[in-house]
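Colleague: Have a look at this one before I ask anything.
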Amino acid sequence: MRDRADSPRRGRLDALHMTHERATVVGGGVIGVSWTALFLAHGLHVTVSDPLPGIETRVRAAIAQIAPTLADLGLTVDGERLAFEPDVSVAVATADVVQENGPERTDVKRSLWASIEQGAPPDAIFASSSSSIPASVMAASMKQPQRLVVGHPFNPPHLVPLVEVVPSPDTDPAAVQRAVDFYRAVGKRPQVLSREIPGFVANRLQAALFREAVNLVAEGVVTEQQLDDVVTSSIGMRWAVAGPFLTFHLGGGPGGLGDFLTHLGPTLEALWSNLGSPTLDQKTADLLRAQANGFDGPVDELAQRRDAGETALMRALGELPAHA
Ligand SMILES: NC(=O)c1ccc[n+]([C@@H]2O[C@H](COP(=O)([O-])OP(=O)(O)OC[C@H]3O[C@@H](n4cnc5c(N)ncnc54)[C@H](O)[C@@H]3O)[C@@H](O)[C@H]2O)c1
């Protein structure tokens with residue numbers, strides 16, 4: 001796939017390069033590596049800051065694994081633009097964007113953001129990948145908490161379009177907008193939440209569905225493999241093109257969601273009170289672990305198949321990371 005000079009993607013990249021040339025990725029684990037690959041593929045210079053010994057070898061090896069997937073989407077990862085600096089204050093010194101992916105611990109995040117703020121240029125974008133710690137908590141040791149947003153990706157960020165942008169009550173709306181513009185420029189689909197809420201939106205939805213999935217397996221109604229097949233062959237497929245609300249809006253016929261709620265709302269409501277509330281006690285966890293052995297292949301092979309499937313789906317939907 002090639003860029004045309006007048007393509008929307010080319011325009012976005014030109015705009016990106018006028019404003020953002022250098023990204024610092026703090027924490028080079030699962031999520032940091034994935035962001036790094038995506039940023040490199042969009043022509044940014046990336047510095048990874050992670051104190052782990054041997055981090056450069058690890059990150060470069062992981063990026064080599066990701067590169068073919070991005071190549072499949074028409075994006076080239078240039079490892080020449082990649083640098084490493086363990087001292088976070090030094091690593092952010094010339095950053096236009098800082099994407100933090102350190103361990104999910106409040107003390108670590110607070111200390112990292114205090115150091116980042118000290119070392120970074122005054123206009124750098126500040127975003128944390130945190131999946132559970134709100135910006136208001138992470139910013140407790142910052143002098144300028146108005147600069148920080150959560151930029152929560154869905155794993156893997158180099159592939160899945162969604163980024164949940166979650167401001168704290170202190171975050172400057174301009175900081176939110178700059179983060180949104182940046183994520184769009186690297187092909188993401190940012191959604192700004194109006195307020196902080198545990199789990200944000202996507203993980204709350206996953207948790208709700210997974211609760212009933214665990215219940216159905218624990219009750220012996222279906223196996224894990226059957227349940228997954230039910231999802232991927234029905235609502236999973238449907239939700240890739242129409243979310244739950246549009247789905248039911250269409251389910252109401254010409255009268256839309258209003259008619260749907262009149263006709264099927266009471267049935268749906270009755271079902272809510274029948275949903276399970278399982279716990280992950282030893283017995284349930286043992287059952288889930290045992291059934292997970294029934295998936296067809298080792299985890300890395302299954303992950304590769306999933307990535308290939310998601311790539312094909314995104315291509316079919318025109319949902320490439322860069323909307324190319
Ligand atoms: N794994 C996921 O599915 C997922 C999805 C979305 C968001 N997140 C969030 O992304 C963040 C990172 O998660 P992960 O799964 O990549 O974790 P990870 O354990 O794979 O990576 C964390 C990295 O941080 C490094 N680190 C430790 N102390 C550091 C420091 N002081 N400075 C810089 N780096 C340091 C570690 O060496 C490690 O490489 C977390 O906040 C997590 O909530 C994770």
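Colleague: When the helices in the chain are scored as -39500 (n - 2.57) per DSSP H run of 4 or longer and the sum is shared across all residues, what 222 nm value do you end up with, to the nearest 500 deg cm²/dmol?
Modeller: Working: 14 runs with 163 residues, N = 324.
Here the helix-only value at 222 nm equals -15500 deg cm²/dmol.
Colleague: Follow-up question, since we're still on this one. Using +1 at the C-beta of Lys and Arg and -1 at the C-beta of Asp and Glu, which of ILE31, THR69, ALA316 has the Cα lying farthest in the positive direction of the dipole of the chain?
Modeller: So the residue we want is ALA316.
Colleague: In nanometres, what is the gap between the two model label sites at ALA316 and VAL201, each 7 Å from Cα along Cα-to-Cβ?
Modeller: 2.4 nm
Colleague: Next question, about the same structure. Of the GluC sites (Glu not before Pro) in segment 175-225, which ones lie in a loop per DSSP and count no more than 11 other C-beta atoms within 10 Å?
Modeller: On the way: sites: GLU196, GLU212, GLU219, GLU224; in loops: GLU196, GLU219.
Of the GluC sites (Glu not before Pro), the ones in loops of segment 175-225 whose Cβ has at most 11 other Cβ atoms within 10 Å are GLU219.
Colleague: Report the one residue of LEU193, THR267, VAL108 whose Cα lies farthest in the direction of the positive end of the charge dipole of the chain (charges on C-beta: Lys and Arg +1, Asp and Glu -1; origin at the Cα centre).
Modeller: Of the candidates, LEU193 comes out farthest on the positive side.
Colleague: Moving on. I need the calculated FRET efficiency for the pair ASP229 and ASP286, taking r as the beta carbon distance and R₀ as 25 Å, to the nearest 0.05.
Modeller: Numbers: r = 23 Å, r/R0 = 0.90.
Given R0 = 25 Å and the Cβ-Cβ separation, E is 0.65.
Colleague: In the chain, what % of DSSP beta bridges are antiparallel (nearest 5)? Present the calculation step by step, with values, prior to reporting the outcome.
Modeller: Values: 5 of 28 bridges.
Rounded to the nearest five, the antiparallel share is 20 percent.
Colleague: Follow-up question, since we're still on this one. Contact order normalised by length for segment 138-272, with contacts defined as Cα pairs under 8 Å and 6 or more residues apart; what percent is it? Kindly include the intermediate steps, with their values, before the conclusion.
Modeller: Numbers: 123 pairs, mean separation 17.9, N = 135.
Rounded, it is 13 percent for segment 138-272.
Colleague: For a quick check, take a GNM of the chain with Cα springs below 10 Å and name the residue from ALA308, ALA290, ALA71 with the largest mean-square fluctuation.
Modeller: Result: ALA290 has the largest fluctuation of those listed.
Colleague: Ok, one more. With only Lys, Arg, Asp and Glu charged, each at its Cβ (+1 for the first two, -1 for the last two), find how big the charge dipole of the chain is about the Cα centre; round to the nearest 20 debye.
Modeller: Details: 27 positive and 37 negative charges, 96 e Å.
It comes to approximately 460 debye.
Colleague: Sticking with this structure for a sec: Given R₀ = 45 Å, what would the calculated FRET efficiency be for ALA240 paired with VAL108, taking r from the Cβ atoms and rounding to 0.05? Display every interim value, and only then the final one.
Modeller: Working: r = 35 Å, r/R0 = 0.78.
With a Förster radius of 45 Å, E is 0.80.
Colleague: Quickly work out the GLU80-to-SER273 label distance, labels modelled 7 Å from Cα along the C-beta direction, and quote it in nm with one decimal.
Modeller: 6.8 nm
Colleague: Can you send over the carbon and sulfur percentage of the accessible area for segment 82-228, probe radius 1.4 Å, protein chains only? All intermediate terms of the calculation are to be shown ahead of the outcome.
Modeller: On the way: 3470 of 6460 Å².
Carbon and sulfur atoms account for 54 percent of the accessible area of segment 82-228.
The values are calculated or read from the model by the stated rules, or taken from the named source; none is laboratory data. On a predicted model such as this, the values are computed, not experimentally measured, just so you know. Note: ideal-geometry Cβ built from the backbone for every residue, glycine included; neighbour counts use all protein chains shown. Surface areas here come from the heavy atoms of the whole protein model, side chains and all, with no ligands, DNA or RNA. Shrake-Rupley method; radii C 1.70, N 1.55, O 1.52, S 1.80 Å.
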